[in-house]
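Worksheet: one structure, shown below.
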Amino acid sequence: MSADRSPEAGLGRATGRVVVVTGGARGIGRAIVDRFVAEGATVIVGDLNDPETVGAGLDVTGHREWIPLDVTDEVSVLEFAKSAHAGHGGVDVLVNNAGVMANRSVADETVADWDLTMAVNLRGPFLMVKHLLPLMEGRDDPAIVNIGSIEGLGANARHASYVASKAGVHGLTRALAVDLGPVGIRCNAVAPGWVDTDLNRAYVDKHPDRDRAVAELASLHPVGRIGNPTDVAATVLWLSTPDASFVTGQVLTVDGGRMSRLSLPASLADDV
Ligand SMILES: NC(=O)c1ccc[n+]([C@@H]2O[C@H](COP(=O)([O-])OP(=O)(O)OC[C@H]3O[C@@H](n4cnc5c(N)ncnc54)[C@H](O)[C@@H]3O)[C@@H](O)[C@H]2O)c1
């Protein structure tokens, strides 16, 4: 009988690690939580929402727990760090995944809208690193993984605050790698392409022919499909392991090749 090589089977690559995942109640964060648990980690989900009330199937009685967290609020982050320290003594891996995306023209975007996107997507990772740093220093190969986006590298229309925030996350990643390398903490970012989650499902759902929209989206990707949350989780896991111990300050694109394909007008696309 052949060995089970599915990600769910796990290979113990995070055994004994204490992992914090912000925004881990659903979507990509949830897949990251599940993957680390499958690999033997103890995972602390930091989210506004209780994972048990969001979606189905999260086994919070296993090696995972939820500590309420608003990454925009320094008091909440400090309380979170205090609870994590009291419960686990330290943190080995911090995954800054919580994020929001707004779809508005610059003309329609208010200062409050702009500030909210920046507060969740950029101030959040800063506050988490600032206050979890004392819990990470001195651990064995501690690692920070920020979730950026291909929109930190290019832009979709009507996404100014999101694009600016994700470019900021990529810059923050490089700055943290430089500042924290000397204390043994690596910091990298994963820049996912289109991944099927609640964050962007509404765009597809509003299309009158949803199946066609999904097929057209898939055709933008050389691999012929859009991403799954588990694709991102696998890369986050790798970046946190000793296999990546000489990798820091990098933004790793996980997009099925979408950013690598140059666009051509439809009339020429088949001839090249
Ligand atoms: N889905 C995609 O196609 C895609 C592509 C590139 C990057 N990303 C990034 O991946 C990350 C996860 O996205 P997703 O698609 O899973 O989104 P999602 O909306 O499905 O989940 C986001 C999670 O973050 C939590 N959250 C929001 N604000 C928070 C706050 N202030 N404090 C704590 N938790 C908060 C939410 O409760 C939710 O559980 C985000 O940073 C997003 O920008 C997503």
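Annotations
- Residues that are among the basic types (Lys, Arg) and within 19 Å of residue 238 (Cα to Cα), drawn from region 139-177: 139, 174
- Among the residues of this structure, residue 12 counts as one that is on the phi > 0 side of the Ramachandran plot, in a loop (DSSP other than H, G, I, E, B) and at pLDDT below 95.
- Filtered by the rule that a residue be more than 10 Å from the ligand (Cβ to nearest atom) and modelled with pLDDT of 90 or more, region 44-63 gives a lone residue, 44.
- Flag if residue 158 is out of contact with any helix residue (DSSP H, G or I) (no Cβ under 9 Å at 6 or more places or on another chain) and of a type outside the set (Ser, Thr, Tyr): yes
- All of (1) crowded, with 17+ Cβ neighbours inside 10 Å; (2) of a type in the set (D, E, K, R); (3) touching a Lys or Arg at 6+ places or on another chain (Cβ under 7 Å) hold for residue 158 with one exception: (1).
- Considering region 141-193, the residues that are within 18 Å of residue 28 (Cβ to Cβ) and among the small types (Gly, Ala, Ser) include one that is farthest from the ligand (Cβ to nearest atom), namely 143.
- Exactly one residue out of 41, 31 is among the aliphatic types (A, V, I, L, M), modelled with pLDDT of 95 or more, away from the ligand (no atom under 16 Å from the Cβ) and surrounded by 19 or more Cβ atoms within 10 Å (Cβ to Cβ): that is 41.
- Hits in region 222-250 (condition: under 15 Å from residue 32 (Cβ atoms), in contact (Cβ under 8 Å) with a residue 60 or more places away in the chain and away from the ligand (no atom under 13 Å from the Cβ)): 234, 237, 239, 240, 241
- Residue match in region 100-110 (condition: among the acidic types (Asp, Glu), more than 18 Å from the chain's Cα centre (by Cα) and either surrounded by fewer than 24 Cβ atoms within 10 Å (Cβ to Cβ) or within 14 Å of the ligand (Cβ to nearest atom) (or both)): yes
- For the criterion of being within 13 Å of the ligand (Cβ to nearest atom), modelled with pLDDT under 95 and surrounded by fewer than 14 Cβ atoms within 10 Å (Cβ to Cβ), residue 198 passes.
- Condition check for residue 244: within 16 Å of residue 146 (Cβ to Cβ), in contact with a Ser or Thr (Cβ under 6 Å, 6 or more places away or on another chain) and modelled with pLDDT of 95 or more: no
The values are calculated or read from the model by the stated rules, or taken from the named source; none is laboratory data. These numbers come from a predicted model, not from an experiment. Glycine also receives a Cβ, built like all others from the backbone with ideal geometry; neighbour counts cover every protein chain displayed.
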